[in-house]
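Report on the following structure.
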Amino acid sequence: MNEIAWNEGRLVQSLEALLQAADAPLPVSRLVWLLAPDHAADAARVEDALAVLAARYVDSAAEVVEVASGWRLQVRATHSALIARLWEARPPKLSRAVLETLAIIVYRQPLARSDIEAIRGVSVSTQIMKTLDDYEWIKVVGHRDVPGRPALYATTPRFLDDFGIARLADLPRLPEIKDPEALEAAMARLSGPEGTDGQG
Amino acid sequence: MNEIAWNEGRLVQSLEALLQAADAPLPVSRLVWLLAPDHAADAARVEDALAVLAARYVDSAAEVVEVASGWRLQVRATHSALIARLWEARPPKLSRAVLETLAIIVYRQPLARSDIEAIRGVSVSTQIMKTLDDYEWIKVVGHRDVPGRPALYATTPRFLDDFGIARLADLPRLPEIKDPEALEAAMARLSGPEGTDGQG
Amino acid sequence: MARPGFWRRAERRVVDAPAEVDSTDAPIRVAGAPYETLPEDLYIPPDALRVFLEAFEGPLDLLLYLIRRQNLDILDIPVFRITQQYLAYIELMEEMAIELAGEYLLMAAMLAEIKSRMLLPRTVEQDPEDEGDPRAELVRRLAEYEQFKAAAQTLDELPRQGRDTASLAVALPALDVERPRPVADIGALLGALHDVLARAELNTEHVIERETLTVREHMTRMLERLGSRGETRFSELVTTSEGRLGVVVSFLAILELAREALITLEQERAYAPLTLRLAGSR
């Protein structure tokens, strides 16, 4: 075995050890720093080694993924039912209210609680905001400069991590309100003469 | 590929997923039970599959080992210097959610996760309980005899040590906590010169 | 009409969701028959209506349901009919003295206004620019809400760490360094509890009872001891070294454990020793 290949193999195994031991995603810059004493590794080499490692995990129960705050190893979703049996308590299901509020924050951030209420048509309870805050999925990023200085919310890197995505742009797009022209036509029809309303 | 080999492969991967996710060693009997819904696996088959898995991990940073209380995956000792660098960091900060959950367990122990949720008014994530368990501040002391047999949590001696309290009874009473002034007085009493708590 | 697949999928789910509501038969009969012609003897349990209402996230959600139930497009809403149906629900709920959230009443008022304006003959000289049709604003809000309702479902379907994927918990080799532990600040802990108590008092009557910590501590200790043995005698759990107060506290702890169904108490005959057993351990 030549030395380069041997070094490469060692680097991949060191990376694997770090990802196995870490309890949070590790960014490439941190990996480079952690490996420095043993490996002359720069970001490019680490990224190459991560690709090798990911390929090696193809047949494993775990997978190497990149999320917002770095790289991590995770047990594949195909095993979720099995893993759930390990834990006594299943993770609590998110209520529709929590999910809708989160979705609005995701796609409209930064925004105030009153903006969320305007879209949902109901008041947003402190509980809902606290739940999202508990998961560390949202944070206050500022205050709107109006009386009362309401807090403006946005999503956190942790939200991206937990939903397994690297950046907001990777999220499915917000479904469009069909084509705007159809909406406008509908609006125009509505403000036109009555009778189009097929009342029953 | 014949069906037996395929089933064998699935069994090995399921085992791998369990060992990857479990935070404590798993005895063969528990593995058999956990796998039961998907695999007709008895102890002998599970042990065979464990051997296959161990062989597969020969080139990995981790190894499949059997310890007194069962089987687990463990990062090889050759990587210990590297892993140690991971922890050379600032002490982690406790989130508000973790502190609130811990405080409720302290004052209402023994209690189930659903009890904590009822008091906090929000769902308590598995992450929070795992954090408290990781620090060895809480432990499961029993199960409530209702459907689902939820685990009952209580604080540990380690919790008292880390927070510098001799016994739970030294903590301020609930009415004192509700009143900010009384709370301050109680805190001063707690951190006061030792030996002042001469009462049994 | 050509639509992106995503939208169509979401739409179908929107129709599916309230199907659960359909299975509670009573409220649907109300919707099927206009409220005005409701037979006198038709009894709808108020509870069923309450369940029906709880299935919705708010007035927009209820309106969307009424529209989707009839396989209509939001852009084609027969506002008059939907308004009537919505108002019928609200009136019925008020009749049944079901407390309605303010938002439902606000929407009812808005719909009532739309209805009355539509009944009025249009004056020819009315300037169409002078005020927008309130129906247009309603359609815009419904379309926007439906967007996010679909987005929420899509979010929920993404694999989530902790629910679908799991973090690895591989054991570590013996390390020279100990992991730094968080700073254990008793002040922060009690401050957090103070906040919880303040919130709990605001929200519900679910207040932590004034129970002494000593009792709770004894409960924990007893469960631990029972955990290692499965069962034990009452006398063995009571430490006489704690004095008379200790015995009383132990006794209170046992009563509390029994009340919370955490242990069972057994006695073979009168005056025989009491045996304590972990609940469900046999």
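Overview of values
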{"read-out": "Long-range amide H partners of A:GLY164 with built H, under 5 Å", "value": "C:GLN161"}
{"read-out": "For B:LEU183, net neighbour charge (Lys/Arg +1, Asp/Glu -1) across residues whose Cβ lies under 13 Å away", "value": "-2"}
{"read-out": "For B:GLY148, label point 7 Å along C-beta direction: distances to other copies, nm", "value": "3.6"}
{"read-out": "18 Å Cα-Cα reach of A:LYS93 towards lysines, excluding residues that sit fewer than 8 places from it in its own chain", "value": "A:LYS130, B:LYS130, C:LYS149"}
{"read-out": "Reach of B:LYS178 by Cα under 20 Å, taken over lysines that are not fewer than 8 positions away in the same chain", "value": "none"}
{"read-out": "Whether segment B:3-75 is rounded, prolate or oblate, judged on the alpha carbon gyration tensor where a/c under 1.5 counts as rounded", "value": "oblate"}
{"read-out": "Peptides C:243-253, C:173-183 ordered by average Cβ neighbours within 10 Å, highest first", "value": "C:243-253, C:173-183"}
{"read-out": "Relative contact order %, segment B:96-191, counting alpha carbon pairs below 8 Å whose residues are six or more apart", "value": "23 percent"}
{"read-out": "For residues of B:58-66, the mean tally of beta carbons on other chains within 10 Å", "value": "4"}
{"read-out": "Prolate/oblate/rounded call for segment A:42-99, Cα gyration tensor, a/c under 1.5 rounded", "value": "oblate"}
{"read-out": "Using θ = phi - 60° and Karplus 6.51 cos²θ - 1.76 cosθ + 1.60, couplings along segment A:39-54 (whole Hz; Gly, Pro as x)", "value": "10, 7, 10, 9, 4, 4, 5, 5, 5, 4, 5, 4, 5, 4, 4, 4"}
{"read-out": "Per-residue mean of C-beta atoms belonging to partner chains within 10 Å, peptide C:53-59", "value": "3"}
{"read-out": "Zone of C:GLU137's modelled label, taken as backbone nitrogen in segment C:90-113 under 11 Å from a point 7 Å along Cα→Cβ", "value": "C:110-111"}
{"read-out": "Amide H partners (placed H, <5 Å) of C:ALA166, local residues excluded", "value": "A:VAL75"}
{"read-out": "Theoretical FRET efficiency, 1/(1+(r/R0)^6), r = Cβ-Cβ of B:ALA188 and C:GLU99, R0 30 Å, to 0.05", "value": "0.05"}
{"read-out": "Distance (nanometres) between label positions extended 7 Å along Cα→Cβ at A:LEU168 and A:SER29", "value": "2.1 nm"}
{"read-out": "Three-way shape call for segment B:96-191 based on the alpha-carbon gyration tensor, with the a/c threshold at 1.5", "value": "prolate"}
{"read-out": "Partner chain coverage, peptide A:8-14 - average Cβ within 10 angstrom", "value": "2"}
{"read-out": "Separation between Cα centres of segment A:32-87 and segment B:138-196, rounded to whole Å", "value": "40 Å"}
{"read-out": "Centroid-to-centroid separation of segment C:254-272 and segment C:140-203 [C-alpha atoms, Å]", "value": "38 Å"}
{"read-out": "Efficiency of FRET from Cβ geometry, B:ALA118 and A:ASP48, R₀ 60 Å, rounded to 0.05", "value": "0.70"}
{"read-out": "Whole-Hz ³J(HN,Hα) from phi, Karplus 6.51 cos²θ - 1.76 cosθ + 1.60, for segment A:144-152, glycine and proline x", "value": "6, 8, 10, x, x, 6, x, 5, 10"}
{"read-out": "Relative packing of peptides C:66-72, B:170-176 - highest average C-beta neighbours within 10 Å first", "value": "B:170-176, C:66-72"}
{"read-out": "Rel. contact order, % - alpha carbon contacts under 8 angstrom, at least six apart, chain B", "value": "12 percent"}
{"read-out": "From phi via Karplus (6.51, -1.76, 1.60), per-residue ³J(HN,Hα) for segment B:121-136 in Hz, x at Gly/Pro", "value": "x, 9, 6, 9, 6, 4, 4, 4, 5, 5, 4, 5, 5, 4, 7, 6"}
{"read-out": "Sites A:SER95 and B:VAL65, calculated FRET efficiency, Cβ-Cβ separation with R0 41 Å, nearest 0.05", "value": "0.45"}
{"read-out": "Selection from B:GLY142, B:ALA188, B:ALA97 lying farthest towards where the dipole of segment B:96-191 points positive, charges on Cβ", "value": "B:GLY142"}
{"read-out": "Pair C:SER116, B:VAL146: separation of 7 Å Cα→Cβ label points (nm)", "value": "4.9 nm"}
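The numbers here are math on the coordinates, done by the rules we state, and not lab data. Because the structure is a prediction, the values reported are computed rather than measured. When we count neighbours, we look across all protein chains shown, and the Cβ atoms used for this are built from the backbone with ideal geometry, even at glycine.
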